[in-house]
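Novice: Dropping the structure in here first, questions after.
The values are calculated or read from the model by the stated rules, or taken from the named source; none is laboratory data. Predicted model, so just to flag it, every value in this text is computed and none were measured. As a convention, Cβ positions derive from the backbone with ideal geometry for all residues, glycine included, and neighbour counts pool all protein chains shown. The accessibility values were calculated without ligands, DNA or RNA, using every heavy atom of the protein model including side chains. Shrake-Rupley method; radii C 1.70, N 1.55, O 1.52, S 1.80 Å.
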Amino acid sequence: MLPSVTATRYVLPLREGGSLPGLVEADDLGTYVVKWRAAGQGVPVLAAEVVCGELARALSLPVPALVTVDVAPELAVGEPDQEVQELLRHSAGVNLGMDYLPGALDFSAGSTEVDAELAGRVLWFDALVGNVDRSWRNPNMLFWHGRLQLIDHGAALTFHHHWPGAPAAVARPYDAAQHALIESHPDVAGADAALGGRVTRPVLERVLALVPEAWLRGPDPDEPADAVRERYVAQLLGRLEARDAWLPALVRAAAEGSANRPPAPRGQNRPGWLGPPPPPGVQQR
Ligand SMILES: Nc1ncnc2c1ncn2[C@@H]1O[C@H](COP(=O)(O)OP(=O)(O)O)[C@@H](O)[C@H]1O
Ligand SMILES: [Mg+2]
């Protein structure tokens with residue numbers, strides 16, 4: 001199970017994204033970005049956050065800590081914004097929280113650069129989980145303490161919005177043309193060699209076990225939670241095994257994307273006042 005906290009104060013809505021996540025204080029004195037169970041696309045989005053966030057973590061990709069956040073109906077009391085008030089009221093119960101990273105900078109393609117190894121791993125991971133929401137327009141990546149952090153995986157695993165279409169999603173090509181890291185010389189082949197063997201059935205089963213039962217929706221509403229968990233595990237293992245269908249095109253797309261821009265050696269054009277180059281994994285241009 002994910003650690004569980006209880007919301008003690010609603011602070012404010014984060015309006016950048018579409019889903020109106022909220023900043024919330026909790027009884028462990030932590031502050032979290034909360035995805036509401038009553039938000040537009042429903043609880044599968046919360047399942048996607050857990051499955052992708054924890055799978056990424058299992059692959060040593062940086063993701064802020066995830067928790068479940070218990071919300072009482074009274075949390076909405078005193079909230080002046082009608083839309084927020086409704087959302088909170090309908091979200092009483094278990095919601096998803098991500099550790100809030102104070103002072104984190106939004107990733108901005110072109111001004112911050114990620115090294116080829118990390119870029120390749122993020123791109124490979126996004127292709128595996130079918131994340132359609134890591135574009136240069138909407139990168140869903142933060143920099144915090146000099147390190148890249150992946151956030152917002154709600155728009156991945158889209159097969160779970162329509163299970164009958166899931167088999168067709170197994171071998172679907174991944175459109176990387178708009179990916180935020182496509183020009184970062186992503187080493188996709190290296191990522192595949194390093195990560196392919198780490199996405200195993202036991203790892204996926206451990207990840208799925210972290211998803212609260214109430215967020216698991218199979219094609220049949222009465223399907224037991226463990227059977228739905230097994231659907232995700234089988235789907236992701238199938239996707240992994242079908243790499244012949246999507247990996248070569250991804251490697252090509254990465255090579256083409258990078259051809260648009262020459263490599264930027266670390267530290268080049270770095271103003272003196274910025275101090276020594278940042279730690280490995282992060283480059284600033
Ligand atoms: N853990 C976090 N720490 C700091 N800021 C965050 C965090 N999570 C999200 N944000 C900020 O809130 C915005 C919206 O969050 P996001 O998870 O992308 O939600 P949406 O589904 O609405 O796009 C992000 O673009 C980012 O600026
Ligand atoms: Mg977002």
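Novice: The conditions are (1) more than 15 Å from W215 (Cα to Cα); (2) within 16 Å of ligand 1 (Cβ to nearest atom), and L75 fails exactly one of them. Which is it?
Specialist: Against the list (1) more than 15 Å from W215 (Cα to Cα); (2) within 16 Å of ligand 1 (Cβ to nearest atom), L75 comes up short only on (2).
Novice: Name the strands (runs of 3 or more DSSP E) wholly within segment 1-94 that hold at least 1 residues that are polar (S, T, N, Q)? Break it down stepwise before answering.
Specialist: Details: elements: 4-13, 22-26, 31-35, 66-71.
Strands (runs of 3 or more DSSP E) meeting the threshold: 4-13, 31-35, 66-71.
Novice: Before we move on, is G97 in a strand (DSSP E or B), out of contact with any Cys (no Cβ under 9 Å at 6 or more places or on another chain), within 23 Å of L208 (Cβ to Cβ) and open to solvent by less than 70 Å² (accessible area, probe 1.4 Å)?
Specialist: Numbers: in a strand (DSSP E or B): yes; out of contact with any Cys (no Cβ under 9 Å at 6 or more places or on another chain): yes; within 23 Å of L208 (Cβ to Cβ): yes; open to solvent by less than 70 Å² (accessible area, probe 1.4 Å): yes.
Considered against the rule, which asks whether it is in a strand (DSSP E or B), out of contact with any Cys (no Cβ under 9 Å at 6 or more places or on another chain), within 23 Å of L208 (Cβ to Cβ) and open to solvent by less than 70 Å² (accessible area, probe 1.4 Å), G97 comes out as yes.
Novice: In contact with a strand residue (DSSP E or B) (Cβ under 6 Å, 6 or more places away or on another chain) and among the aromatic types (F, W, Y): which single residue out of F125, F107, F159 fits that description? Break it down stepwise before answering.
Specialist: Details: F125 fails: in contact with a strand residue (DSSP E or B) (Cβ under 6 Å, 6 or more places away or on another chain); F159 fails: in contact with a strand residue (DSSP E or B) (Cβ under 6 Å, 6 or more places away or on another chain).
None of the other options fit; the residue is F107.
Novice: If you don't mind, there's one more thing I want to ask. Spot the failing condition for E86; the list is (1) of a type in the set (D, E, K, R); (2) within 14 Å of ligand 1 (Cβ to nearest atom); (3) open to solvent by 20 Å² or more (accessible area, probe 1.4 Å), and only one is missed.
Specialist: Exception for E86: condition (2).
Novice: Related question: Out of segment 8-35, which residues are surrounded by fewer than 24 Cβ atoms within 10 Å (Cβ to Cβ) and more than 10 Å from ligand 1 (Cβ to nearest atom)?
Specialist: Restricting attention to segment 8-35, the residues satisfying the condition of being surrounded by fewer than 24 Cβ atoms within 10 Å (Cβ to Cβ) are 8-20, 23, 25-31, 33.
Hits for segment 8-35 are T8, R9, Y10, V11, L12, E25, A26, D27, D28, L29, G30.
Novice: F107 is checked against (1) within 16 Å of ligand 2 (Cβ to nearest atom); (2) under 11 Å from the mean Cα position of the chain (by Cα) and fails just one. What number does that condition carry?
Specialist: The failed condition is (2).
Novice: Return yes when P3 is in contact (Cβ under 8 Å) with a residue 24 or more places away in the chain, under 28 Å from L105 (Cβ atoms), more than 16 Å from ligand 2 (Cβ to nearest atom) and surrounded by fewer than 16 Cβ atoms within 10 Å (Cβ to Cβ) and no when it is not. Give the steps one after another, and end with the answer.
Specialist: Values: in contact (Cβ under 8 Å) with a residue 24 or more places away in the chain: yes; under 28 Å from L105 (Cβ atoms): yes; more than 16 Å from ligand 2 (Cβ to nearest atom): yes; surrounded by fewer than 16 Cβ atoms within 10 Å (Cβ to Cβ): yes.
Yes, satisfied.
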